[in-house]
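Peer 1: Dropping the structure in here first, questions after.
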């Protein structure tokens, strides 16, 4: 089949809207597979001349392989259309980096890029909380289910055997098994959650920072002691200083320096000095240690 015929065939197959995933799969399955010679010719056109139409033909002729690979990840409960889409991104990256001089078929080279993109998508979207971040965790995430012989928990010998096969520690196998068996919980229950179900929300079990009775009593006693000290300290001031402080700091309708200056027949600067001296004296009294 010539390159021109391949181009006309793919244009015909992909013409018109694709209304469903099934229709897409059916259409890409009808795109002819390139021969080795056609594939090499297109790859050279892309590599040597930057021919984007050649890249398009290489991508289109391998879309069926993306569908085949994506179907292997259907057990993660993610939309198949999204898995295929991510795989297509990996395919396009592979076509861009494909070297026809290496001597391998594009599909053999592209499968690693396709799987890598799908893996990233699964890890990003399978759980709200990241479940696999290290290389060992990723390896376990995508292989542990296949190694398990039943739905029950692994025994010690099975755990050690899987760890040896995958080149990880037995503890890492156990940790990943627990992660895969758990489920995400909302920190706060949804508004329509039943009261009984909401009791299992993590927010119901976290200790409030002010829940310690000793801390609450200490804070209350400190507030009372400070208020008593301040009240006693005010009594040591002369009447004018008390009035100025109460007018400036202890009422909702606070007086200005000029209003108090007019009241006492002095300058605003003098009122500011009296206020500053009174505050300094109060701080010294309040900061004094309690008598035993």
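The values are calculated or read from the model by the stated rules, or taken from the named source; none is laboratory data. Source: prediction; values computed, not measured. Quick reminder, even Gly has a Cβ in these numbers, built from the backbone with ideal geometry, and neighbours come from all protein chains shown.
Rundown of residues vs (1) in a loop (DSSP other than H, G, I, E, B); (2) in contact with a helix residue (DSSP H, G or I) (Cβ under 7 Å, 6 or more places away or on another chain); (3) at pLDDT 80 or above; (4) on the phi > 0 side of the Ramachandran plot, yes/no style:
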residue: 162; (1), (2), (3), (4): no, yes, no, no
residue: 174; (1), (2), (3), (4): no, yes, no, no
residue: 179; (1), (2), (3), (4): no, no, no, no
residue: 188; (1), (2), (3), (4): yes, yes, no, no
residue: 192; (1), (2), (3), (4): yes, no, no, no
residue: 247; (1), (2), (3), (4): no, yes, yes, no
residue: 252; (1), (2), (3), (4): yes, no, yes, no
residue: 258; (1), (2), (3), (4): no, yes, yes, no
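Peer 1: Sticking with this one: So which residues in region 57-68 are over 12 Å from residue 94 (Cβ atoms) and in contact (Cβ under 8 Å) with a residue 24 or more places away in the chain, if there are any at all? Quick ask: steps written out before the conclusion?
Peer 2: Within region 57-68, the first condition is being over 12 Å from residue 94 (Cβ atoms), and the residues that meet it are 57, 60-61, 63-64, 67-68.
Matches in region 57-68: 57, 60, 61, 63, 64, 67.
Peer 1: Does at least one position in region 3-23 carry a residue that is at pLDDT below 90 and crowded, with 18+ Cβ neighbours inside 10 Å? So that I can check it myself, show each step before the final result.
Peer 2: Keep residues of region 3-23 that are at pLDDT below 90, which gives 3-23.
Checking the rest, the ones that are also crowded, with 18+ Cβ neighbours inside 10 Å come to 6, 10.
Within region 3-23 (the criterion being at pLDDT below 90 and crowded, with 18+ Cβ neighbours inside 10 Å), the answer is yes, since at least one residue qualifies.
Peer 1: On to the next question. Only one of (1) in contact (Cβ under 8 Å) with a residue 24 or more places away in the chain; (2) loosely packed, with under 10 Cβ neighbours inside 10 Å fails for residue 236. Which number is that?
Peer 2: Condition not satisfied by residue 236: (2).
Peer 1: So how many residues does region 144-160 have that are at pLDDT below 70 and out of contact with any helix residue (DSSP H, G or I) (no Cβ under 6 Å at 6 or more places or on another chain)? Steps first, answer last, please.
Peer 2: Step one: of region 144-160, the residues at pLDDT below 70 are 144-153.
Now drop any that are not out of contact with any helix residue (DSSP H, G or I) (no Cβ under 6 Å at 6 or more places or on another chain), which leaves 145-146, 148-153.
Counting residues in region 144-160 that are at pLDDT below 70 and out of contact with any helix residue (DSSP H, G or I) (no Cβ under 6 Å at 6 or more places or on another chain) gives 8.
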